[in-house]
Amino acid sequence: MVDLVIIDRAGSAHEFSAPGGGSLMEAVRAQGIYDIKALCGGSCSCATCHVYVEASGPLKPMSEDENDLLDGVSERREGSRLACQIVLAEGMAPLRVTIAPEE
């Protein structure tokens with residue numbers, strides 16, 4: 001299990017654990033947090049799951065496709081990632097993310 005702290009767009013913190021192997025996007029939506037629209041269903045083609053990673057265990061490096069999509073968002077900053085591209089892994093340090101403002 002991976003411990004998560006998700007800060008939604010209203011500033012509320014949601015703390016929960018999710019199994020490894022799935023994406024952060026899937027885990028957040030499974031908790032009923034729908035600030036992440038995920039219009040493309042997690043195929044790395046829309047950037048509606050943009051989040052700011054504040055603290056985490058080691059994450060897989062960003063792909064060129066993810067980087068290109070994030071170049072198109074107005075609120076990109078250090079720590080910007082797409083939740084659909086973050087794969088949760090057993091033993092990961094707690095992951096703390098804030099959902100980015102809606103574009």
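Looking only at the stretch 17-32, filter to residues that are part of a helix (DSSP H, G or I) and of a type in the set (Gly, Ala, Ser); which one of those is farthest from ASP3 (Cα to Cα)?
Restricting to residues being part of a helix (DSSP H, G or I) and of a type in the set (Gly, Ala, Ser), the top hit is ALA30.
Which members of the stretch 50-84 meet the condition of being aliphatic (A, V, I, L, M), modelled with pLDDT of 90 or more and part of a loop (DSSP other than H, G, I, E, B)?
If the condition is that a residue be aliphatic (A, V, I, L, M), modelled with pLDDT of 90 or more and part of a loop (DSSP other than H, G, I, E, B), then MET62, VAL73 are the ones that fit.
Would you be able to tell me the number of residues in the stretch 64-103 that are farther than 18 Å from ARG29 by Cβ and polar (S, T, N, Q)?
3
Given the structure, is ALA38 in contact with a strand residue (DSSP E or B) (Cβ under 8 Å, 6 or more places away or on another chain) and not polar (S, T, N, Q)?
no
Which members of the stretch 63-79 meet the condition of being buried (at least 18 other Cβ atoms within 10 Å of the Cβ) and closer than 16 Å to LYS37 by Cα?
LEU69, LEU70, listed by residue number.
Take the conditions of a type in the set (S, T, N, Q) and at pLDDT 90 or above and apply them to SER45. Does it pass?
Here the answer is yes, as SER45 does meet what is asked.
On the given criteria, is VAL87 surrounded by 16 or more Cβ atoms within 10 Å (Cβ to Cβ), closer than 17 Å to ALA18 by Cα and either touching a strand residue (DSSP E or B) at 6+ places or on another chain (Cβ under 7 Å) or modelled with pLDDT under 95 (or both)?
no
Of everything in the stretch 52-78, what is in contact with a Lys or Arg (Cβ under 6 Å, 6 or more places away or on another chain), touching a residue at least 24 places away in the same chain (Cβ under 8 Å) and not acidic (Asp, Glu)? Give them in sequence order.
Once the filter is applied, which keeps residues that are in contact with a Lys or Arg (Cβ under 6 Å, 6 or more places away or on another chain), touching a residue at least 24 places away in the same chain (Cβ under 8 Å) and not acidic (Asp, Glu), the stretch 52-78 yields VAL53, ALA55.
The values are calculated or read from the model by the stated rules, or taken from the named source; none is laboratory data. Keep in mind it's a predicted model, so treat the numbers as computed, not measured. As a convention, Cβ positions derive from the backbone with ideal geometry for all residues, glycine included, and neighbour counts pool all protein chains shown.
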